[in-house]
1. Out of (1) modelled with pLDDT under 95; (2) more than 28 Å from Arg100 (Cβ to Cβ), what's the single condition that is false for Gly149?
2. Output yes when any residue across segment 11-32 is aliphatic (A, V, I, L, M), assigned to a loop (DSSP other than H, G, I, E, B), at pLDDT 95 or above and farther than 16 Å from Leu187 by Cβ, and no when none is.
3. For segment 76-96, state whether one or more residues are of a type in the set (Lys, Arg), over 16 Å from Phe180 (Cα atoms) and buried (at least 20 other Cβ atoms within 10 Å of the Cβ).
4. Residues that are under 15 Å from the mean Cα position of the chain (by Cα), over 21 Å from Ser157 (Cα atoms) and at pLDDT 95 or above, at least 3 per element: which strands (runs of 3 or more DSSP E) completely within segment 61-134 meet that?
5. Does Thr112 satisfy the criteria of being in contact (Cβ under 8 Å) with a residue 12 or more places away in the chain, surrounded by fewer than 18 Cβ atoms within 10 Å (Cβ to Cβ), among the β-branched types (Val, Ile, Thr) and under 25 Å from Trp79 (Cβ atoms)?
6. What are the residues in segment 169-196 that are without any contact (Cβ under 8 Å) to a residue 12 or more places away in the chain and either more than 21 Å from Asn97 (Cβ to Cβ) or in contact with a strand residue (DSSP E or B) (Cβ under 8 Å, 6 or more places away or on another chain) (or both), if any?
7. Within the bounds of segment 41-57, is there any residue that is modelled with pLDDT of 95 or more and on the phi > 0 side of the Ramachandran plot?
8. So, in segment 147-160, exactly how many residues are more than 20 Å from Ala189 (Cβ to Cβ) and in contact (Cβ under 8 Å) with a residue 40 or more places away in the chain?
Amino acid sequence: MRIVVAMFVLAAGLSGCGFTREAPLPVTYRLSAPTLAAGDTLPFELSLPLPVPAPGLAGERIAAVYPDRRLDYFAGARWGADLPIVVQSLLVDALRNSGRLRAVQGEGSPFTVTHVLQVEVLRFEASYAGKGPPTVQVALAATLGRRQGRAVIASYSASAAVPATADRLGAIAAAFEQAFGQAATELSARTLESLEAEQKALPR
């Protein structure tokens, strides 16, 4: 009887320690802001409110879409913040670092601005068409308007598709970096072109 009790206690102790493993922490991936072409400084201040994400893209998880249109997320991987915050931060950095505007800021700044750029994140996923690595799809849409009077100046979109070199998270993250860089560069260029046209229309 003592032997049976001792074996039961030992088994209970082994099941309570040593065999319970905590899930590994997810790997956090960062994206970089693209470098925009230089040019003359425009006499405007621009605000970028938090971008509006498509359904399924609001969080920090990295999205994947499969051939049956199923939306899922990569296990053990995430962005450094919720995707709208990531996109907003990178677009602000890109436009600010270009030196093309007097000021560029995110939502909630105490300073006044002349124009507002509202961005939508339409696609931001690794798309699988079958076997093999996915193609990263990034699509952004924007509406540019004057702060005063809330008049819309222009609406436009930008997109990019970049195949990942391998079906591994590191390679997929690199494809996201390239695809976002292309789409963000195009969107920023369209924004600056619209503001250049706005400047030319100002009374002399």
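The values are calculated or read from the model by the stated rules, or taken from the named source; none is laboratory data. Everything numeric here is computed off the predicted structure, so don't read it as measured data. As a convention, Cβ positions derive from the backbone with ideal geometry for all residues, glycine included, and neighbour counts pool all protein chains shown.
1. (2)
2. Step one: list which residues in segment 11-32 are aliphatic (A, V, I, L, M), which gives 11-12, 14, 23, 25, 27, 31.
Next, from what is left, pick out any that are assigned to a loop (DSSP other than H, G, I, E, B): 23, 25, 31.
Narrowing further to those that are at pLDDT 95 or above: 31.
Right, trim to farther than 16 Å from Leu187 by Cβ and you get none.
Within segment 11-32, not a single residue is aliphatic (A, V, I, L, M), assigned to a loop (DSSP other than H, G, I, E, B), at pLDDT 95 or above and farther than 16 Å from Leu187 by Cβ.
3. no
4. Numbers: elements: 61-65, 71-79, 101-106, 115-127.
Counting at least 3 such residues, we get 61-65, 71-79.
5. For Thr112, the condition - in contact (Cβ under 8 Å) with a residue 12 or more places away in the chain, surrounded by fewer than 18 Cβ atoms within 10 Å (Cβ to Cβ), among the β-branched types (Val, Ile, Thr) and under 25 Å from Trp79 (Cβ atoms) - is not met.
6. Looking only at segment 169-196, we keep the residues that are without any contact (Cβ under 8 Å) to a residue 12 or more places away in the chain, and these are 170, 174, 193.
Those that are without any contact (Cβ under 8 Å) to a residue 12 or more places away in the chain and either more than 21 Å from Asn97 (Cβ to Cβ) or in contact with a strand residue (DSSP E or B) (Cβ under 8 Å, 6 or more places away or on another chain) (or both): Gly170, Ala174.
7. The answer is yes, given that some residue of segment 41-57 is modelled with pLDDT of 95 or more and on the phi > 0 side of the Ramachandran plot.
8. Applying the first criterion (more than 20 Å from Ala189 (Cβ to Cβ)) to segment 147-160 yields 147-151.
After this cut, where a residue has to be in contact (Cβ under 8 Å) with a residue 40 or more places away in the chain as well, the list is 147.
Total satisfying the criteria: 1.
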